[in-house]
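Chemist: Could you have a look at this structure, given as structure tokens, before my questions?
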Amino acid sequence: RDSNRHVKVKQKSAVLNMLKKLDKIRFRGHKRDEFLDLAESPNASDTECGDEIPVKIPRTSTRDNEELRDPAGPGTIIMASGVQDFNRTESDRLNEIKGHLEIALLEKHFLQEELRKLREETNAETLRQELEKERQRRLELEQKVNEVLKARTEEVPAAQQPAKPQTQANGTDKRSHTVCSRLQKWFCDKFGEYVEDFRFQPEENTVETEEPLSARRLTENMRRLKRGAKPVTNFVKNLTALSDWYSIYTSAIAFIIYMNAVWHGWAIPMFLFLAILRLSLNYLIARGWRIQWSIVPEVSEPMEPPKEDLTVSEKFQLVLDVAQKAQNLFGKMADILEKIKNLFMWVQPEITQKLYITLWAAFIASCFLPYRIIGLAMGLYAGIKFFLIDFIFKRCPRLRAKYDTPYIIWTSLPTDPQLKERSNATVSRRLQTAASRSYVGSSTPTGISKDEDTSRFHTTKRGNFHEVFNLSENERPLAVCENGWRCCLINRDRKMPTDYIRNGVLYVTENYLCFESSKSGSSKRNKVIKLTDITDIQKYKVLSVLPGSGMGIAVSTPSTQKPLVFGAMVHRDEAFETIFNQYVKITSASSSSES
């Protein structure tokens, strides 16, 4: 009995060791809780889901194992463990082992699924296949290139030496192949970089970012433009001073040197030497030398330090100044370009005809005369024109207006606005002649003068001029203000806002200053002021905060406590001059009649 019991105890210990190994295999990877249950596994079969997984038996302690391994231990403990072992049947142990094996197989299956997913994500297999295909293609291309090179190297020596034996041909093929490869390599090393430069590439359209409007940036750019244009302006000033004989000795020396160089054919070398001399002087100035040579003495302008913080009125005034300068500059450039365009487009045929004849004469002379004579004639004419003729014409404007052909042609060339004004004037003149003819043909009272007749036909937006303002028929607007000036009348004696400011049009007649309100209503809203009743007239600035001299005219009369203000006038200066001149004319005429 003892021997049988000892054998069974050994079998029990072997079973326990097997269970421990299975547990180690099971918990080698992730824990059991991280995997799906058998019933939740999508790849589990019906048999796997139907099997029952036995509950894990709690492990025995090290002390119990030692007692089981030791057959000579205490009898009571060994007998109790033996009774428990005999109670467990062999089928229960096999079922437990089967459950552990199934768990291990499931874990293996899950690990394989994870590995497959990782391979699908990385696409390692497809990348390997593509890499193998590219390698095969490269090998095929290398084989084809080698075959072509071999064929070429075989054809060249065969054509040069067909009568030589085969052994010599093979040697020459090898030598020619090596020579060609060396030449090709040398050519690529020397000229490969230059060949790569001639490869065509698509142009990249880069969009420049525009800077926002800033007063500080605006003043800085204006100063940069002024500094950059200073050498050009100084050069033009020196040329003008030479032509005007500002310094008699300098202009005389320059004239003699220039004419001597042109006569001997040294005009081009002289200009090149002057350019080299100017660059040399600039080099010395850049090295720190103080060299200042100018015909016209330079006047140093005081540089104002840039202000950090500008007020709103200063910024507004700065923008107005820059806009005015840009407007004038663009206007001058547009005039020059339009005159050149109209010269070549036969806008004025008599002027373009002169240019046409001159070009034909120059063409015929260039065909038959040597270039040295043509250059000598042009150089002499340029020197005499620059140093002598221009000096005389500038001192005598009447001679210039009669005999200076380039000046006459340039001043007589019209710009596009001038052409438009001429066309409008011709159209209006034709309409006036047609209207006068039709009017003469109709029945007209014989005692009416021409001025009265034309004033009778002058109308405003609401009817005849004299009917709108309740004036006599001979009162009509002056030629300067036939259409009137848009403005707003500010009557500071009135308290109501509707009567305080009125928008409308201002007219000037021979005896009256008339304001027509733009609002619909009776003629009471219009304003008529007799010029002889005006006590004072002056330019007015409505808001003192705004920069500039304002856009208003203040008129004082005895009937008003405060002056009437005609504000928001775009052409304020023109209106003021017209009103003031007519006012002076009327007052002087009335004072002379009274005396």
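Chemist: My understanding is that a pair violates if its Cα-Cα distance is over 18 Å; which of Lys332/Lys402; Lys226/Lys394; Lys339/Lys420; Lys315/Lys539; Lys341/Lys394 do that in this structure? Present the calculation step by step, with values, prior to reporting the outcome.
Modeler: Working: Lys332/Lys402 25 Å; Lys226/Lys394 28 Å; Lys339/Lys420 14 Å; Lys315/Lys539 24 Å; Lys341/Lys394 27 Å.
Violating the 18 Å Cα-Cα cut-off are Lys332/Lys402; Lys226/Lys394; Lys315/Lys539; Lys341/Lys394.
Chemist: Same structure again: In nm, to one decimal, how far is the modelled label at Leu239 from the one at Glu473, with both set 7 Å along Cα→Cβ?
Modeler: 6.4
Chemist: Ordered by residue, what ³J(HN,Hα) values in Hz, to whole numbers, does the range 512-518 give under the Karplus form 6.51 cos²θ - 1.76 cosθ + 1.60, where θ = phi - 60° and Gly and Pro are x?
Modeler: Listing the rounded values in order: 9, 10, 10, 10, 9, 6, 7 Hz.
Chemist: On to the next question. Show Ser366, Ser592 ordered by accessible area, largest first, where the area counts protein heavy atoms only and the probe is 1.4 Å.
Modeler: Reading off the accessible areas and sorting them downward yields Ser592, Ser366.
Chemist: Inverting the mean 1/r over all pairs of different Cα atoms, compute the Kirkwood radius of the range 375-427 and quote it in Å.
Modeler: One over the average 1/r among Cα pairs gives 13.3 Å for the range 375-427.
Chemist: If you take the beta carbon distance between Met222 and Ala589 as r and set R0 to 60 Å, what does 1/(1 + (r/R0)^6) give as a FRET efficiency, to the nearest 0.05?
Modeler: So, using R0 = 60 Å, E works out to roughly 0.75.
Chemist: Using Stokes-Einstein with the Kirkwood hydrodynamic radius over Cα pairs, what translational diffusion coefficient do you get for the range 219-275 at 37 °C and a viscosity of 0.692 mPa s, in µm²/s rounded to a whole number?
Modeler: The diffusion coefficient I find is 246 µm²/s.
Chemist: If you don't mind, there's one more thing I want to ask. Using each residue's phi in the range 401-413, evaluate 6.51 cos²θ - 1.76 cosθ + 1.60 at θ = phi - 60° and report the 3J(HN,Hα) Karplus result to the nearest Hz, with x for Gly and Pro.
Modeler: For the range 401-413, the Karplus-derived couplings read 5, 9, 10, 7, 5, x, 5, 5, 5, 5, 6, 7, 5 Hz, x marking Gly and Pro.
Chemist: Sort Val584, Val555 by accessible area with a 1.4 Å probe, largest first.
Modeler: Largest to smallest exposure gives the sequence Val584, Val555.
Chemist: How much accessible area does Leu141 have with a 1.4 Å probe, in Å² rounded to the nearest 10?
Modeler: 110
Chemist: Calculate the spin-label point distance for Ile248 paired with Arg486, positioning each point 7 Å from the Cα along the beta-carbon direction, and give it in nanometres.
Modeler: The answer from the label model is 6.0 nm.
Chemist: Run the numbers for Gln184 and Phe316: contour at 0.36 nm per residue of separation, minus the present Cα-Cα distance, in nm. Provide the component values of the computation, followed by the final result.
Modeler: Numbers: separation 132, 0.36 × 132 = 47.52 nm, distance 7.03 nm.
Extra length available between Gln184 and Phe316 comes to 40.5 nm.
Chemist: Applying 1/(1 + (r/R0)^6) with R0 = 51 Å to the Cβ-Cβ distance of Leu105 and Val148, what FRET efficiency is obtained, to the nearest 0.05?
Modeler: My answer for the efficiency is 0.25.
Chemist: With labels modelled as points extended 7 Å from the Cα through the Cβ direction, what inter-label distance (nm, one decimal) is found for Lys394 paired with Ser518?
Modeler: 5.0
The values are calculated or read from the model by the stated rules, or taken from the named source; none is laboratory data. Worth saying up front: this structure is predicted, and the values here are computed from it rather than measured. Cβ coordinates were reconstructed from backbone atoms using ideal geometry, including for glycine residues, and neighbour counts include every protein chain displayed. Just the protein is used for accessible areas: all its heavy atoms, side chains included, with ligands, DNA and RNA removed. Shrake-Rupley method; radii C 1.70, N 1.55, O 1.52, S 1.80 Å.
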